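To start, the structure itself, in structure tokens.
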2 protein chains.
Amino acid sequence: MEEAICEAEKGLSEGGIPIGAVLVKNGTIIGRGHNRRVQNDDPMIHAEIDCLRNTGRIGSYKDCILYSTLMPCFLCAGAVVQFQIPTVIVGESQTFEGAEVFMRSHGIRVTNLNNLRCISMMKRFILDNPDLWNEDIGTL
Amino acid sequence: MEEAICEAEKGLSEGGIPIGAVLVKNGTIIGRGHNRRVQNDDPMIHAEIDCLRNTGRIGSYKDCILYSTLMPCFLCAGAVVQFQIPTVIVGESQTFEGAEVFMRSHGIRVTNLNNLRCISMMKRFILDNPDLWNEDIGTL
């Protein structure tokens, strides 16, 4: 989760939305990324999508764990379900409910760390950038 | 749908997976794309994701219709649900069941054209490239 937070902070320092993700396989980080909506002007590159893109074509995800600083939305949860990533560990879901129920209903193991750094980072960002945040989660 | 099929054929001519999509707003095509797993070596760029990336940041999708030659998978259906694209028109779901039930359960209107060109294009592709197809839908 520390590495996912580093990704989120990197995104923030670039002027972007502070959400980060890493993909771990057998104890090793094999991919990492962060939300790039602002940086790339790209509405599809949420943190988890960026992470999975950067990981490349690995075939099966069956031994993988996806870490994200925030509960995945339906786009990113859809990737988790479609590519059968069995375990997702999230920093928090206090600032955004996300698609936890959907993932669980498809047998994904979801662990929520209720990480205070993740919560305060997102709380401040949403307070300062409500329009950008609403754009990112499709509620404009 | 003709334009989505053109995108799929373009993808095929590039050595890629023949799935195409276009986004229409008030009768005008505002974005288009096709699956780029092979071309870009990118596991996240399904046709609908490519189309939505190419459309750019349009804010609300409430007057939009997404056309795809194939029933969206959970990744792409997740984008539809998260960004509240109200209507999806698909070429077919005979070769791939996709996430139709999931989209409908979130109030998305889904129309299936059972288009014979779409069906035969995908049937042939899957028959000729079973491993690539299974990789694309996460069933390796």
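Here are a few things to note about the model shown:
- Residue satisfying condition, being farther than 27 Å from B:N54 by Cα and at pLDDT 95 or above, within set A:I49, A:I108, A:I45: A:I108
- Checked against (1) over 13 Å from the mean Cα position of the chain (by Cα); (2) under 21 Å from A:V38 (Cα atoms), B:M44 passes all but a single condition, namely (1).
- Contacts under 6 angstrom Cβ, first residue in the range A:78-105 being over 20 Å from A:P18 (Cα atoms), partner assigned to a strand (DSSP E or B) and modelled with pLDDT under 95, 6 or more apart: none
- When B:S93 is tested against (1) surrounded by fewer than 24 Cβ atoms within 10 Å (Cβ to Cβ); (2) farther than 20 Å from B:L12 by Cβ; (3) not charged (D, E, K, R), only condition (2) is not met.
- On inspection, B:I108 does not qualify as under 29 Å from B:D41 (Cβ atoms), more than 13 Å from the chain's Cα centre (by Cα) and either surrounded by 15 or more Cβ atoms within 10 Å (Cβ to Cβ) or not aromatic (F, W, Y) (or both).
- Single residue of B:N40, B:N35 found to be surrounded by fewer than 19 Cβ atoms within 10 Å (Cβ to Cβ) and either basic (K, R) or at pLDDT 95 or above (or both): B:N40
- Out of B:P72, B:P86, one residue alone is more than 19 Å from A:D41 (Cα to Cα), out of contact with any helix residue (DSSP H, G or I) (no Cβ under 6 Å at 6 or more places or on another chain) and not acidic (D, E). It is B:P86.
- Looking only at the range A:85-133, residues that are in a helix (DSSP H, G or I) and either of a type outside the set (F, W, Y) or in contact with a Gly (Cβ under 9 Å, 6 or more places away or on another chain) (or both) come to 21 in all.
- Only one entry of B:R124, B:R109, B:R117 meets the criterion of being closer than 25 Å to A:C73 by Cα and more than 12 Å from chain A (Cβ to nearest Cβ), and that entry is B:R109.
The values are calculated or read from the model by the stated rules, or taken from the named source; none is laboratory data. What you see is a predicted model, and the numbers here were worked out from it, not measured in a lab. No Cβ is skipped: glycine too gets one built from the backbone with ideal geometry, and neighbour counts run over all protein chains shown.
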